[in-house]
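Structure record follows, encoded as structure tokens.
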Amino acid sequence: MPLVGVLAALAWGATELVNRTARAWFEKDVSMRAALAVSGASDALVSHLAAGNRRRIGAVLSELARDDRIMAAAVCAPDLRTLARTGPLHPGQDCADVAVRLAGAPAGVEAFEHVEGGLVHLTVRPLEEDGKLLGWLVLVHDLSFVERREAAMLRFTAGAFAVVALLASFLTVAVRRLACRSWTRELRGLLAPGPVGPRRKPPKTFQPLLHDVRQLVSELAAEQGAGGRWSPERLRRVLTEHLQGEGIVILANREPYVHDRAPDGSVRVLHPASGLVTALEPVMRACSGTWVAHGSGSADHAVVDRKDRVRVPPGEDSYTLRRVWLSEEEERGYYYGFSNEGLWPLCHIAHARPVFRAQDFRHYQAVNRRFADAVLAEVDGPDPIVLVQDYHFALVPRMIRERLPRATVIAFWHIPWPHAESFGICPWGRELLEGLLGASVVGFHTQLHCNNFLESVDRHLEARIDRERQSIVVGGREALVRAYPISIEWPSRWVASAPPVQDCRREALEEFGLPPDGRIGLGVDRLDYTKGVEERLLAVERLLERFPHLVGRFTFVQLGAPSRTLIDRYRELNERLDALSARINARFGAGPSGRWRAVALLRAHHEPPAIFRMFRAADVCYVSSLHDGMNLVAKEFVAARDDERGVLVLSRFTGAARELTEALLVNPYDLEEASSALAAALVMPAEEQGARMRAMRAFVADLNVYRWAGRMLDDAARLRQKERLTTRLGPGPRAVQERLP
Ligand code: F6P
């Protein structure tokens, strides 16, 4: 548009200039022609006037008027009577009217005028003999052709401008596209996951911009991916367009809504503290279908129908929750035992030794079978879409595949996948890998975990690994292995209903005995040893040691949901946290208010509205996981800060650290680094907080949980299509050749 504007201005300017110059030439030319005509005819006219021969005068005038440009000619007597004329003169040009013009101009008149037919040039000259006035010669020249030429010139320039503007626009767009395409290709090459080598090293000029560029690429990808930002509607579209609107079945150990019996006997609904639930619940609300889970609430039995189903969310009834009941013994062996004493420490680098008991694995197998049966009871046809979630159900994909060979099973592993060597210590590693490879797609948060998985398969199974396609072929079936970094719903429904930031802040400062200009640090976790809560409190202690002016002015609030407390390692963690927070609080006293504490360890289940109020009240949120697949608390904090304030201090050992690069990234084991980051966060200028928060919010908004689910479902849809085609077209020539004798 600016280019077209400039071209238009240039074209207009050029036309004006050419017209003015041409008109000046024409006028000069006509004046000269008039002067020539007058001087050529005046001798003859003077002699005829002297002789009083009107007929001869008329003949001279007719001769003059043979020139096309002369519209009319007349000779007037000194008293301005008309003696002769060639044709009618316009008003103002007749002999009688010329008097007025001659009043102040005894030597004659020359003028350009607009008359009915267009522009004319009027000349009135005296005819004299020996200084005696005998009459006046009036000549009218036609100049209407000047205006016609100007109009033609304007039309020509406008046409030329249109052609030039079109060409210029076309060329600009074409050049931009070409440039953009080569940039995008170059940047994609830089940013795409893949082996780091000399060719992938970003050139120096790109380094400071890397995050901006990554954001740009993600935006471009979103634009190009037909449909803009991912949303519940777009996810539903994927289901309708690519998967014929088929409902999905999710299998996850943790249920999205827990019905709990309150002390007064009433039933209340709780949202469990689980990253998996945070991510998947909005997806289920968008897609509908069925969520199969362990019914763990004290009032869960009371609210289900005869088929152990209940519609959720309460009051909205968007999808079905199918509950599976476990005996205490089953839960102990499958959940506490193999899943959380075996696989959990196996997959996390947190220096807890995994415990593998044969009895626990037997329970794990049996419970996996029970859940697989429950899923099979919930599906509609022979080729359902089933999303199997997490390390609790590694054996289920294969169990489903055995019964429904055409099912599309997507297995997602929400925690890290260990290095192949570490994985080797699991006595049932082979069974776990074979179980997972029953899936059509096996998903992890990061490429590193995908690589570890491929390496584990390579070492422990006989399978063909296609590293280029990122897939594994085992028993003639292909399973894709892909990274799908999980995220949260955007916008978050909890933010929409949260009070204003100022109110959250005022209430929190008051609650923790802080002055109005006090500062709040925040941690929100399931109380798990992998979350680094002890290291976090030690970093807070070091902060107050190094910066004593914060004593009485800064409180670290830890919201901790009790978790897996039947396991010794978790019980010990709780005891250690109690002792640690008590020691730190005793060391720094009660501050000027007498109510102040350095650390407020709030060990209880907190519902999302309370958590989001604290997110909005905090100056700094510290996520200090020692190892974490993703960590959605980091993303929820970012979602909560629509005021673009607050600082995220984030462990670099989380999956989230690969995405939220504007957080202050720390090694949580390094108390000097962690306390420095907390101190930096507390003095960070508002503009810097805003810039960092804006960038992280843009990233999470684009890469939200609908995109996570949409990409998996897209891949699943493509696989389904491929499998259907193969079934219809029969085996490829190679397979036929192999079967020949
Ligand atoms: O997000 C990691 C995760 O282990 C999930 O897999 C799990 O649902 C969640 O944390 C909470 O654990 P649990 O279900 O054992 O309470």
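The values are calculated or read from the model by the stated rules, or taken from the named source; none is laboratory data. Small disclaimer: the values here were computed from a predicted structure and weren't measured. Neighbour counts run over all protein chains shown; Cβ positions are idealised from the backbone, glycine included. Surface accessibility is based on the protein's heavy atoms, side chains included, excluding ligands, DNA and RNA. Shrake-Rupley method; radii C 1.70, N 1.55, O 1.52, S 1.80 Å.
Exactly one residue out of Pro91, Pro78 is of a type outside the set (Gly, Ala, Ser), part of a loop (DSSP other than H, G, I, E, B), at pLDDT 85 or above and more than 11 Å from Leu139 (Cα to Cα), and it is Pro78. Annotation note: Cβ proximity below 8 Å between a residue of region 407-431 that is open to solvent by less than 10 Å² (accessible area, probe 1.4 Å) and a residue that is away from the ligand (no atom under 16 Å from the Cβ) and basic (Lys, Arg) (sequence gap 6+ or interchain) occurs for Ala407/Arg401; Thr408/Arg720; Val409/Arg401; Ala420/Arg459. Restricting region 353-383 to residues that are at pLDDT 95 or above and not in a helix (DSSP H, G or I) leaves a set whose member that is nearest to Met284 (Cα to Cα) is Val379.
If I filter region 691-710 for residues that are open to solvent by less than 20 Å² (accessible area, probe 1.4 Å), of a type in the set (S, T, N, Q) and either in contact with a Phe, Trp or Tyr (Cβ under 7 Å, 6 or more places away or on another chain) or modelled with pLDDT of 95 or more (or both), do I get at least one hit? Checked against the condition, which is being open to solvent by less than 20 Å² (accessible area, probe 1.4 Å), of a type in the set (S, T, N, Q) and either in contact with a Phe, Trp or Tyr (Cβ under 7 Å, 6 or more places away or on another chain) or modelled with pLDDT of 95 or more (or both), region 691-710 yields at least one hit.
Count of region 297-320 residues, restricted to those that are open to solvent by less than 50 Å² (accessible area, probe 1.4 Å) and of a type outside the set (A, V, I, L, M, F, W, C), is 7. Summed over region 609-627, the residues that are over 13 Å from Gly523 (Cα atoms) and open to solvent by less than 20 Å² (accessible area, probe 1.4 Å) give a count of 1. Scanning region 458-474 for residues that are free of Cβ contacts under 8 Å to residues at least 12 places away in the same chain, outside any strand (DSSP E or B) and farther than 13 Å from Leu719 by Cβ returns a single hit, Glu468. Look at region 327-347: where a residue is closer than 14 Å to His294 by Cα and a partner is within 13 Å of the ligand (Cβ to nearest atom) and open to solvent by 40 Å² or more (accessible area, probe 1.4 Å), sitting 6+ places away or on another chain with Cβ atoms under 8 Å, you get Arg332/Leu566; Tyr336/Leu566. Scanning region 244-277 for residues that are of a type in the set (A, V, I, L, M, F, W, C) and under 31 Å from the mean Cα position of the chain (by Cα), we see that the one that is nearest to the ligand (Cβ to nearest atom) is Leu276.
Exactly one residue out of Glu128, Glu113, Glu147 is at pLDDT 80 or above and either of a type in the set (A, V, I, L, M) or open to solvent by less than 70 Å² (accessible area, probe 1.4 Å) (or both): that is Glu113. There is no residue in region 224-236 that is within 14 Å of the ligand (Cβ to nearest atom), outside any helix (DSSP H, G or I) and buried (at least 22 other Cβ atoms within 10 Å of the Cβ). Please verify whether Leu436 is within 16 Å of the ligand (Cβ to nearest atom) and touching a strand residue (DSSP E or B) at 6+ places or on another chain (Cβ under 6 Å), treating the condition exactly as stated. The answer is yes for Leu436.
Can you find a residue that is open to solvent by 20 Å² or more (accessible area, probe 1.4 Å) and away from the ligand (no atom under 16 Å from the Cβ) anywhere in region 384-397? No, every residue in region 384-397 fails to be open to solvent by 20 Å² or more (accessible area, probe 1.4 Å) and away from the ligand (no atom under 16 Å from the Cβ).
Rundown of residues vs (1) in contact with a Leu (Cβ under 9 Å, 6 or more places away or on another chain); (2) crowded, with 21+ Cβ neighbours inside 10 Å, yes/no style:
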position: Gly475; (1), (2): yes, no
position: Ser487; (1), (2): yes, yes
position: Leu538; (1), (2): yes, no
position: Pro548; (1), (2): no, no
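Exactly one residue out of Glu241, Glu281 is within 16 Å of the ligand (Cβ to nearest atom) and either in a helix (DSSP H, G or I) or modelled with pLDDT of 85 or more (or both), and it is Glu281.
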